[in-house]
Each structure stands twice: as structure tokens, then as C-alpha cells.
Amino acid sequence: LNAGRLYYVDKEGEIFKDITDTDESRDLVILSGLTDESILTDPQGSREAMRTAAILQKLYRDAPFSEELGLSEIHYEKNIGFTLYPEKKKYSIKVGLKDFPEKIKKFEEIWDKVQKSNARISSIDLNYPGKVLMTL
């Protein structure tokens, strides 16, 4: 978690170690969008966002495209939801606040087309029922 300081977070959404001033590994997926202030003012909501990010990361990691794309960052915005940033591509994947298995499946269905495309995609939005919005 990058919330002004760097923390390790477990899959239950609990911060268990501040690694800001250590030599601990930072070669992990970063969760961004939460701040120390938001964690203090809304601990339950922040914990739920961290727990949901862990679930989303597992769904992504289990998807067939995961190894080719990698995952660098999961960004959270309270009213917008989650955006994924692949490690090996320059576009973002917007997945919102719910229905993550369906959205990951939707991305899986278009993955071949995205991979073969020569277009310079800047974002892929999976939040539209029955559609995928790609921004160039």
C-alpha cells in the first residue's frame, strides 16, 4: 500500500508492516489511492477497499493473460472504483466497484484482439454492460 508511506497489507485488508524506511522488498503490486488520512477517518471503508483489492489481484493473477501482462498497480477511488495498471503495457484497465469476475472474463474475451491490435490504447473500460470501451 502506498498511502504516503509504504506498507505491507494482508489479504484481509490489514496493514501489518510499515516498510517505508526499510530495505524490504518493494517488488510487489502497489495499491494506491488511499491515504494515511483516509485510513484514519474511514478505517472500515479503507480496510474493505484493501480486502477488495486483494480479491481483485487474485482474480487477475488467475486469468490466462496475467503472465503476459503482469500487474504493477491497483488504484482505488472511492466513488469510481478500481483501475488496474499492467506491468508490461501502457494502458489502464478500469473495473469499477463490483462484478469483478465478469469483468475479468470480459477482458479475457477481448484479450486476443487487444494483443494483436496496433492501436495505441490508453485505457480499457470494462464498466459498460455488454460493451468494452477502449480509449486511444
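Between Leu28, Leu56, Leu71, which is touching a Phe, Trp or Tyr at 6+ places or on another chain (Cβ under 7 Å) and in a loop (DSSP other than H, G, I, E, B)? Explain how you work it out, then say what you get.
On the way: Leu28 fails: touching a Phe, Trp or Tyr at 6+ places or on another chain (Cβ under 7 Å); Leu56 fails: in a loop (DSSP other than H, G, I, E, B).
Only one candidate passes the filter, namely Leu71.
Given (1) open to solvent by less than 60 Å² (accessible area, probe 1.4 Å); (2) modelled with pLDDT under 95, identify the lone condition not met by Arg26.
(1)
Go through (1) over 20 Å from Thr135 (Cβ atoms); (2) hydrophobic (A, V, I, L, M, F, W, C); (3) open to solvent by less than 20 Å² (accessible area, probe 1.4 Å) one by one and return the number of the condition Leu59 breaks.
(3)
Would you be able to say whether some residue in segment 37-53 is surrounded by 13 or more Cβ atoms within 10 Å (Cβ to Cβ), free of Cβ contacts under 8 Å to residues at least 60 places away in the same chain, over 11 Å from the mean Cα position of the chain (by Cα) and more than 15 Å from Ile15 (Cβ to Cβ)?
Checking segment 37-53: not a single residue is surrounded by 13 or more Cβ atoms within 10 Å (Cβ to Cβ), free of Cβ contacts under 8 Å to residues at least 60 places away in the same chain, over 11 Å from the mean Cα position of the chain (by Cα) and more than 15 Å from Ile15 (Cβ to Cβ).
Please go through (1) under 18 Å from Ser72 (Cα atoms); (2) modelled with pLDDT under 90 for Gly13 and return the number of the only condition it doesn't satisfy.
Checking Gly13 against (1) under 18 Å from Ser72 (Cα atoms); (2) modelled with pLDDT under 90, the one that fails is (1).
Name every residue in segment 85-122 that is part of a strand (DSSP E or B) and either basic (Lys, Arg) or loosely packed, with under 15 Cβ neighbours inside 10 Å (or both), in order of residue number.
So the first thing to find is which residues in segment 85-122 are part of a strand (DSSP E or B), and the list is 85, 92-96.
Listed by number, the list holds a single entry, Lys94.
The values are calculated or read from the model by the stated rules, or taken from the named source; none is laboratory data. Small disclaimer: the values here were computed from a predicted structure and weren't measured. All Cβ positions, even for glycine, are placed from backbone atoms using ideal geometry, and neighbour counts span all protein chains on display. Quick note on the areas: whole protein, heavy atoms, side chains included, nothing else; ligands and nucleic acids left out. Shrake-Rupley method; radii C 1.70, N 1.55, O 1.52, S 1.80 Å.
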